[in-house]
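To start, the structure itself, in structure tokens.
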Amino acid sequence: MAKNLPKVKEDRLSIRADAGQKLVLAQAAGARHMNVSQFVLQASLREAEKVIHEETILRVSAEEYAWLAKIMDEAVPAPRLREALSVPPVWDV
């Protein structure tokens, strides 16, 4: 995901950590030959991509898929719902 973004550093992200937490981060960053900011950013992005992947992929069993396919095939058109979805939400106006 973030791999395609340009490498322009425009925004700053600040976090607070106590001395013990900062020491752990510094030790881990040193082990990877990075500074703390690079290490935290890399680890945070890796975790963020993992969360996004987990939250966007829906895994179902074969039985669940068959059930979902059946109810979708039996779905009745809902013109009022389609009309409502064509109107921009109030927060986009």
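The values are calculated or read from the model by the stated rules, or taken from the named source; none is laboratory data. Nothing here was measured: the structure is a model prediction, and the numbers come from that model. No Cβ is skipped: glycine too gets one built from the backbone with ideal geometry, and neighbour counts run over all protein chains shown. Only protein heavy atoms, including side chains, enter the accessible area calculation; ligands, DNA and RNA are left aside. Shrake-Rupley method; radii C 1.70, N 1.55, O 1.52, S 1.80 Å.
Among the residues of the stretch 41-56, how many are open to solvent by 80 Å² or more (accessible area, probe 1.4 Å) and either touching a residue at least 40 places away in the same chain (Cβ under 8 Å) or more than 11 Å from the chain's Cα centre (by Cα) (or both)? Full working, then the answer.
Taking the stretch 41-56 and keeping what is open to solvent by 80 Å² or more (accessible area, probe 1.4 Å), we get 41-42, 46-47, 50, 53-56.
Restricting the remaining residues to those that are either touching a residue at least 40 places away in the same chain (Cβ under 8 Å) or more than 11 Å from the chain's Cα centre (by Cα) (or both) gives 41-42.
Matching residues across the stretch 41-56 total 2.
With respect to Lys70, is the statement that it is open to solvent by 100 Å² or more (accessible area, probe 1.4 Å) and in contact with a helix residue (DSSP H, G or I) (Cβ under 8 Å, 6 or more places away or on another chain) true?
Here the answer is no, as Lys70 does not meet what is asked.
Is there a residue in the stretch 32-40 that is in contact (Cβ under 8 Å) with a residue 24 or more places away in the chain and within 25 Å of the chain's Cα centre (by Cα)?
For the stretch 32-40, residues in contact (Cβ under 8 Å) with a residue 24 or more places away in the chain and within 25 Å of the chain's Cα centre (by Cα): present.
How many residues are under 17 Å from Ser44 (Cβ atoms) and surrounded by fewer than 10 Cβ atoms within 10 Å (Cβ to Cβ) if we restrict to the stretch 18-30?
0
Check every one of the helices (runs of 4 or more DSSP H) wholly within the stretch 1-84 and list those with 2 or more residues that are β-branched (Val, Ile, Thr).
Answer list for the stretch 1-84: 36-56.
Whether any residue in the stretch 8-17 is modelled with pLDDT of 90 or more and open to solvent by less than 100 Å² (accessible area, probe 1.4 Å) is what I want to check.
Filtering the stretch 8-17 down to residues modelled with pLDDT of 90 or more leaves 14-17.
Filter again for open to solvent by less than 100 Å² (accessible area, probe 1.4 Å), leaving 14, 17.
Yes, the stretch 8-17 contains at least one residue that is modelled with pLDDT of 90 or more and open to solvent by less than 100 Å² (accessible area, probe 1.4 Å).
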